[in-house]
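These notes concern the structure reproduced below.
Each reported figure results from applying straightforward, stated rules to the coordinates on display, with no laboratory input. Model, not experiment: these values are computed from the prediction. All Cβ positions, glycine included, derive from the backbone under ideal geometry; neighbour counts span all protein chains shown.
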Amino acid sequence: MPEPTSPPPPRVLAIANQKGGVGKTTTAINLATALAAIGERTLILDVDPQGNASTGLGVPRTARKRTIYDVLVEGETLPAAIVPTAVPGLDLVPADPELSGVEVELAQQPRRSYRLRDALAGLAEVRPPYAYVLVDCPPSLNLLTVNAMTAADAVLVPLQTEFFALEGLSQLMRTVDLVRQSLNPRLTIQGVVLTMYDRRNSLSDQVARDVRAHFGDTVYETVIPRNVRVSEAPSFGKPALIYDLKCAGSQAYLKLARELVARERARKKAAA
Ligand SMILES: Nc1ncnc2c1ncn2[C@@H]1O[C@H](COP(=O)(O)OP(=O)(O)O)[C@@H](O)[C@H]1O
Ligand SMILES: [Mg+2]
């Protein structure tokens, strides 16, 4: 009997930017939903104590029996903490406010930056396998974000299309460099995605041009527009794509998912 071949490990993307309110969680939820919709099984890890990704995916506090805290601190396995969402092909590991204690709880632990990475090994036994794992990071360059970057293959950076978009980015890039040098040599920048683009505001265009001049091809062609349906959806515990598939924001996230998959295919081909 031939050995059953194990599926390739999922591609792990940390959605990070230490600025709050730039669209990390919105991108995690809707990009993941779009990926699942086009047939790429996806797992979201909510690594923000605010738990916005969990709420936005319709998993209320009371339903969060096991959380990413249990995985990172208590040694729970990752598969045991996975809950399904209403979206076929999209699962979640939720977060709750307890997670804000991680920094203190893990302070004396030897492999404290590798907690998430070690836990991800547990996904090897999950069937059907995930194609993508998206990690929704907190708005800070703390131990949680370092865990996400250490576990990730690459970082996806949402940038709000506003005047101060590039502010603070050198700090983010320095953190990526530090993690690459000391904890995770394979870490790259997967892409930069412009969010909350406002076509009625001429400044948006100027910002988009500046960001492209600075980051070149790393910036996704797809731009996420500012769209009220996208901001309403989380209060219904639904991704925008489920709340209103036809709205401009949902369509943009679908386009982003297709562009991301194409980018990943090209990368794999180049590496082969
Ligand atoms: N494309 C968009 N159109 C309108 N509102 C958006 C859009 N993306 C995000 N928002 C809103 O902006 C706020 C911050 O977004 P969020 O994804 O929570 O950012 P972060 O996770 O980076 O803190 C939220 O209220 C969210 O609903
Ligand atoms: Mg968030």
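Summary value for the range 1-130: 28 percent relative contact order, contacts being C-alpha pairs under 8 angstrom separated by 6+ residues. Here the relative contact order of the chain, from alpha carbon pairs under 8 Å that lie six or more residues apart, stands at 25 percent. Placing +1 on each Lys and Arg Cβ and -1 on each Asp and Glu Cβ, with no other charges, gives the range 86-128 a dipole about its Cα centre of roughly 240 debye.
Please compare each pair in LYS246/LYS268; LYS65/LYS238; LYS19/LYS246 to a cut-off of 26 Å on the Cα-Cα distance and tell me which ones are over it.
LYS246/LYS268; LYS19/LYS246
For the range 223-232, backbone phi angles converted through the Karplus equation (6.51, -1.76, 1.60; θ = phi - 60°) give residue-by-residue couplings of 10, 8, x, 5, 8, 5, 5, 5, 7, 6 Hz, Gly and Pro being listed as x. For the chain, adding -39500 (n - 2.57) for each run of n ≥ 4 DSSP H residues and dividing by the number of residues yields -11000 deg cm²/dmol at 222 nm. Would you tally the net charge around VAL102, using a Cβ to Cβ cut-off of less than 10 Å, leaving VAL102 out, and scoring K and R as +1, D and E as -1? Spelling it out: positives minus negatives among the neighbours equals -1. Counting Lys and Arg as +1 and Asp and Glu as -1 over every other residue whose Cβ lies under 14 Å from the Cβ of GLY89, the net charge comes to 0.
The simple spin-label model puts a point 7 Å past each Cα toward its Cβ; for ALA80 and LEU245 those points are separated by 3.8 nm. Dividing the convex hull volume of the alpha carbon atoms of the range 11-271 by its residue count gives 118 Å³ per residue.
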